[in-house]
Structure formats: C-alpha cells, structure tokens
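Worksheet: one structure, shown below.
The values are calculated or read from the model by the stated rules, or taken from the named source; none is laboratory data. These figures come from a predicted structure and were not determined experimentally. Methodologically, a virtual Cβ is constructed for each residue, glycine included, from the backbone with ideal geometry; neighbour enumeration extends over all protein chains shown. Side chains are part of the model used for accessible areas, which takes the heavy atoms of the whole protein and leaves out ligands, DNA and RNA. Shrake-Rupley method; radii C 1.70, N 1.55, O 1.52, S 1.80 Å.
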Amino acid sequence: DAKDKGKNTYRLFDSSLSEKLQRKVELETALRQALAQDMFTVCYQPQFDMATRRIIGAEALLRWNHPRGVYPTNELIQVAEETGLIVPIGLWVLRTVCRQAKQWREAGHHPLRIYVNVSPRQFIDNRFVHHVQQILAETGMDGHALGLEITEGVIMRDVHYAQETLQALRDMGMKIDIDDFGTGYSSLAYLKRFPIDRIKIDQSFIRDVTNNEADLAIVKTIISLAHNFQIPAIAEGVETATQFQLLKQHGCDEAQGYFLGRPANSEDFNTHLGTAH
Ligand code: C2E
Ligand code: MG
Ligand code: MG
Ligand code: MG
C-alpha cells in the first residue's frame, strides 16, 4: 500500500510538472504571436511628489490583451524572462514608450519622465546599451525623457558590468531606479558604488505599514538609506490616504499607487497630463 501511495504521489508530481512545462511552451508560442501581431499595449501609472502632490513621472507597464482577458503581467514576464523573449518584448516596450513620450511632448504636455522596467535578462544582454541608443535615434527621443527600473539582484550579479552599463545609460540622460527595494540581497558596500538616482520601496512593505511595526521600521530604514545617499525614495503600492500620510510623515519623497492613480492606457493617461502644469 505504502508503495502504491508513493507511486501515486510520484505520478501526480510528474504529471503536474509536465503540465507546467506544456503550459510554458504554449505561453511562449502565444507570446511570440502577440509580439508579431501587435497585441501588447503599454499602460502608464503616475508618480507624485508627496509634498506638492504634483505628478513627476510615470511607470510604463506592459499589458497583453489576451482574447480571454488581460493576462497577468507578472506571469508573462516570468516566462518571457525564462525563454529570452523578454529581450525583443522589452525593446518593443521601450520603442512604444519613446514614441508615446514624443507624441505627448509634441502635443504640448509638460514633459514627464517615463520609467521602463528592465528585467535581468535584458540588462545582462551586452547589446542592451546599443539597443537603447538605436531606439532613441530611431524615435528621435532624448534619454532625458526616460528612467529605467532595475532590481537589486541584477546589479549584484556582475558588479563591474553593472557599473559600466548604468554609467553609459546615465550618460545618455536616463535616471536609474532600484525597483522592489528590500526584497533582494544588496550589499550596502556595493550599493554605494552604483550610480543610482532613486530607491523604490517594495509594495510588500507598504501594504501593512500602518499597522505593522516591523514593516514601518523597514520603510523608515530604506528612506534614511536613500537620504544618506542623497537620493529620493519612492513608495510603490500606496493604496490609502492613511498610508500616504504616514509615509509623508516619515519623509518619503514620492509615491505611486492606486490611491493616487491606477495604471491607465495612453488615452486615459491624458487626464494626468492635463493637470501637470
Ligand atoms: P513592478 O515594476 O514592481 O510594478 C508595480 C506593479 O504593482 C504593477 O503590476 C502595478 O500595476 C502594480 N500596482 C501599482 N499600484 C498598485 C497599488 O496601489 N496596489 C497594488 N496591489 N498594486 C499596484 P503589473 O503591471 O501587473 O506588473 C507586475 C510586474 O511585472 C512589475 O512589477 C514588473 O516587475 C513587471 N513588468 C511590468 N511591465 C514590464 C515591462 O515592460 N518590462 C519588464 N521587464 N517587466 C515588466
Ligand atoms: Mg517597476
Ligand atoms: Mg516595483
Ligand atoms: Mg513590485
């Protein structure tokens, strides 16, 4: 009996594993198709200065308008990352953002810096800087219109490469954010050597910040770390007025989240641009 049980358990595990693999292969094919058929879009979520409540930028977020509804971005990014498809998808996002930013500028809107997420595989691809340069040239955009959000793990992987790459991007006018800060394992000793412009506090610490003392302690630590480096801290995932007030009280500089504005398609995002003056 025990043997049978063991066998069943094994078979169950086995079939769920191959199902997972099957799903991944299907998803990869679908993503390739979506890229070729222009089924992706980019949403924009506003970022605000906490003191003045003025809009200071926006984060570009990929959306896949799947026939069965909007597909969870986290999941598709993960598969794109594993399969390498994130490289062409990421370039598509960057090109789309540059074109959009140019259009907004030509329409006379206040120029906003738009932050684009860059995942590990994109960043460690040694053609990355070259590709960014190409896209700027092709779209006629200036690097000053852009920011890049990278995660801690990426820069710790190859410190020398990361330093050079970040410096090259900054020389092109771009700002560099460390996204999801606090969830990785940065060495503070290394962190000080990187040209970084802003620290983004991960939303997992913001969620319960108003009633969890440990989360508040972490948030306060990250804010003072940023200030010691003389750069601003931005909180992500700010959903309530109480969270907003508490963060402001503790010196957090900037905020992004549903309380202030949800990710919106480029047309709807115009309402934020209208109030930018
Ligand atoms: P992220 O860069 O940390 O982006 C923040 C995520 O939190 C977004 O999820 C955003 O929609 C969501 N969010 C914003 N405000 C709130 C809030 O108040 N409450 C809650 N609960 N969530 C909020 P999204 O758009 O599903 O993206 C998930 C992740 O996928 C992103 O996390 C980023 O890591 C990745 N991603 C998205 N677009 C791209 C892209 O173009 N390229 C790459 N490489 N990664 C991307
Ligand atoms: Mg981000
Ligand atoms: Mg984030
Ligand atoms: Mg996050």
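Per the Cauchy relation, a quarter of the hull surface: what is the mean projected area of the convex hull of the alpha carbons in the chain, in nm²? Write out the running numbers ahead of the final one.
Values: hull surface 72.7 nm².
Value for the chain: 18.2 nm².
Can you quote the Å³ per residue value for the convex hull of the Cα atoms in the stretch 1-153, rounded to an integer?
On the way: hull volume 27.6 nm³, N = 153.
Measuring per residue, one finds 181 Å³ for the Cα hull of the stretch 1-153.
Sorted by mean Cβ packing within 10 Å, highest first, what order do the peptides 173-183, 222-232 take?
Highest-to-lowest ranking by the protection proxy: 173-183, 222-232.
Is any residue of the stretch 15-40 close enough, with backbone N under 18 Å, to a label point placed 7 angstrom from the Cα of Asn65 along the Cα-Cβ axis, and if so, which?
Label zone hits: 31-40.
Count charges around Leu91 for me, please; just the other residues with Cβ under 15 Å from its Cβ, Lys/Arg as +1, Asp/Glu as -1. Provide the component values of the computation, followed by the final result.
Values: positive: Arg32, Arg95, Arg99, Arg121, Arg127; negative: Asp38, Glu81, Asp125, Glu138.
That sum, taken over residues with Cβ under 15 Å, equals +1.
If each DSSP helix of 4+ residues adds -39,500 (n - 2.57) and the sum is divided by the residues in the chain, what number results at 222 nm, nearest 500 deg cm²/dmol?
Calculated from helices alone, the mean residue ellipticity at 222 nm is -16500 deg cm²/dmol.
Under a crude label model (7 Å from the Cα following the beta-carbon direction), how far is Arg113 from Phe259 in nanometres?
Between Arg113 and Phe259, the simple spin-label model gives 2.3 nm.
Among Pro232, Ala80, His250, whose Cα lies farthest out toward the positive end of the dipole of the chain, if unit charges sit on the beta carbon of Lys, Arg (+1) and Asp, Glu (-1)?
The residue sitting farthest along the positive end of the dipole is Ala80.
Amide H of Leu148: which non-local residues (sequence gap of 5 or more, or other chain) have their own amide H closer than 5 Å, using H built in the peptide plane?
Val116, Lys175, Ile176, Asp177
Can you give me the accessible area per residue for the stretch 105-239, using a 1.4 Å probe, in Å²? Working shown, then result.
Numbers: 6270 Å² over 135 residues.
Spelled out: the 1.4 Å probe surface of the stretch 105-239, per residue, equals 46 Å².
How large is the dipole of the stretch 1-159 about the Cα centre if only Lys and Arg carry +1 and Asp and Glu carry -1, each at its Cβ, rounded to the nearest 20 debye? Display every interim value, and only then the final one.
Working: 20 positive and 19 negative charges, 47 e Å.
The dipole magnitude comes to about 220 debye.
What does the net charge come to around Leu260 if you take all other residues with beta carbon closer than 13 Å to its beta carbon, with K and R at +1 and D and E at -1? Intermediate results must be reported in sequence, preceding the final value.
Details: positive: Arg53, Arg54, Lys248, Arg262; negative: Asp49, Glu59, Glu236, Glu239, Glu254.
Here the count lands on -1.
So if each residue of separation counts as 0.36 nm, and I subtract the Cα-Cα distance between Val25 and Thr240, what length gain in nm does that give?
Details: separation 215, 0.36 × 215 = 77.40 nm, distance 3.95 nm.
My answer for the length gained is 73.5 nm.
Over all directions, average the projected area of the Cα convex hull of the stretch 136-185 and note it in nm².
On the way: hull surface 15.0 nm².
Seen from a random direction, the Cα hull of the stretch 136-185 projects 3.7 nm² on average.
Quick query: amide H of Ile56 versus all other amide H atoms, modeled in the peptide plane; which residues come in under 5 Å with a sequence gap of 5 or more or a different chain?
HN-HN under 5 Å from Ile56: Gln47, Phe48, Asp49.
Report, to the nearest whole %, how much of the accessible area of the chain belongs to carbon and sulfur atoms, 1.4 Å probe, protein only.
On the way: 7150 of 14550 Å².
Carbon and sulfur together cover 49 percent of it.
Lys248 versus Thr221, label points 7 Å from Cα toward the beta carbon: distance in nm?
Inter-label distance under the simple model: 2.7 nm.
Looking at Ile124, Ala189, Ile222, which one has the Cα that reaches farthest to the positive end of the dipole of the stretch 107-231 (charges on Cβ: Lys, Arg +1; Asp, Glu -1)?
Ala189
Semi-axes of the equivalent ellipsoid for the stretch 102-186, please: Cα gyration tensor eigenvalues, times 5, square-rooted, ordered largest first, whole Å.
Working: eigenvalues 124, 46, 18 Å².
Calculated on Cα positions only, the semi-axes equal 25, 15, 9 Å.
Would you mind checking Lys20/Lys220; Lys175/Lys220; Lys24/Lys175; Lys24/Lys248 for any pair whose Cα atoms are more than 31 angstrom apart?
Working: Lys20/Lys220 40 Å; Lys175/Lys220 23 Å; Lys24/Lys175 34 Å; Lys24/Lys248 42 Å.
Distance filter (> 31 Å) returns Lys20/Lys220; Lys24/Lys175; Lys24/Lys248.
What would the Debye formula give as log10 I(q)/I(0) at q = 0.14, 0.17, 0.23 Å⁻¹ for the alpha-carbon point model of the stretch 17-91, no solvent?
Debye curve over Cα of the stretch 17-91, log10 I(q)/I(0) at q = 0.14, 0.17, 0.23 Å⁻¹: -0.53, -0.69, -1.05.
Modelling each spin label as a point 7 Å along the Cα-to-Cβ direction, I'd like the Glu82/Leu188 distance in nm, to one decimal.
Spacing of the two 7 Å Cα→Cβ label points: 3.6 nm.
Just to check I understand the Karplus step: with θ = phi - 60° and J = 6.51 cos²θ - 1.76 cosθ + 1.60, what whole-Hz values come out for the stretch 198-215, glycine and proline as x?
Going residue by residue, I get 6, 10, 9, 6, 4, 5, 5, 8, 7, 3, 10, 4, 7, 10, 10, 5, 5, 4 Hz, with x marking Gly and Pro.
Quick one: 3J(HN,Hα) in Hz for the stretch 221-233, Karplus 6.51/-1.76/1.60 with θ = phi - 60°, rounded, Gly and Pro as x.
5, 5, 4, 6, 4, 4, 5, 5, 8, 6, 10, x, 10
Over the chain, calculate the relative contact order: mean separation of alpha carbon pairs under 8 Å at least 6 apart, over the residue count, as a percent.
Values: 416 pairs, mean separation 50.9, N = 277.
That works out to 18 percent.
Starting from the Kirkwood Rh over alpha-carbon pairs, what translational D in µm² s⁻¹ does the stretch 110-241 have by Stokes-Einstein at 4 °C and 1.567 mPa s?
Numbers: Rh = 15.6 Å.
This corresponds to a translational diffusion coefficient of 83 µm²/s.
Based on the alpha carbon coordinates of the stretch 175-277, what radius of gyration and maximum Cα-Cα distance (Dmax) apply, in Å?
When restricted to Cα atoms, the stretch 175-277 yields Rg and Dmax of 14.5, 43 Å.
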